[in-house]
């Protein structure tokens, strides 16, 4: 994550978050990798349940997020599961 910049401080204030929570990247590929790493990367909390589930994405989607999930040994699934009431 990047250090706060001149433009991220007012954006953080406007959204009532800490400037360190604002990330600016050079393209969507970096953001997609970050998202895949957050949801499918290694667990860092020793009290967390072991393993990660599949990464479910919309269809169509950017292939990059599925590639990064696969690099993290996670399954990537296109489409959402069907829910019954």
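Can you confirm whether residue 3 is modelled with pLDDT of 80 or more and in contact with a helix residue (DSSP H, G or I) (Cβ under 9 Å, 6 or more places away or on another chain)? Before you say what the answer is, go through the steps one by one.
On the way: modelled with pLDDT of 80 or more: no; in contact with a helix residue (DSSP H, G or I) (Cβ under 9 Å, 6 or more places away or on another chain): yes.
The answer is no for residue 3.
I'd like to verify a number: residues in the stretch 12-44 that are closer than 20 Å to residue 78 by Cα and part of a loop (DSSP other than H, G, I, E, B), how many?
Qualifying residue count for the region: 1.
The values are calculated or read from the model by the stated rules, or taken from the named source; none is laboratory data. These numbers come from a predicted model, not from an experiment. All Cβ positions, even for glycine, are placed from backbone atoms using ideal geometry, and neighbour counts span all protein chains on display.
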